[in-house]
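A short reminder: the numbers here are calculations on the coordinates, not readings from a lab. The model shown is predicted, which means the values in this text are computed figures rather than measured ones. Neighbour counts are summed over all protein chains in view; Cβ atoms, including those assigned to glycine, are modelled from backbone coordinates with ideal geometry.
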Amino acid sequence: QAPHAPAAASHAPAVVRLREHAARVWGPARLDRLRSWCAELTEPGGTVLVHGFASLGALIPPLRRGPVALLTGEDLGAARPELDLGWLLGDLAELDWAVPVSAHLDGPELPRVLLDAYGSGADRDLTGRAAVVRIAAHTRDFAAYCGWSDELADYTAFIADLIDEEGRRAVLGGATP
């Protein structure tokens, strides 16, 4: 490995393994759907200022009850609103799948609250697809930066289900149609 090569380069075999595993689990039809969603999300139309892949990791809770800060930076840009919203909903869907938050909370589900606060300016179907793309990207990033984990096999099965339902679980807050 070259002295200045990124740390992720040492995990390249894990990315290849994930790609091969996902191709087997998802099959050509699901892969084509996911690719078409990536293209759809980058098409012009309804372009707004977006936070640039906002995630739960960029939220800073207050020390006491009060507003939460969302860190944005070099990823700030212009895109479809569904991309930002789907990115956050994808984080919530992934969290709910890994550790079902809704089973431990009394009160409104976070995805519904986020969607209600966002208003009617985003296409819900496209938002669900963006959530699936976010989870798939996160899975690939994990392999690139952490290496292979058997948990990635569970993620590919989870993503297969999300592709089949076009991300509706993320938009509906854990409920599936």
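Take 123-132, 15-24 and order them by the average number of nearby Cβ atoms within 10 Å per residue, most first; the result is 123-132, 15-24. What's the local net charge at Tyr118, with K and R +1, D and E -1, over the other residues with C-beta under 11 Å away? Local charge sum for Tyr118: -1.
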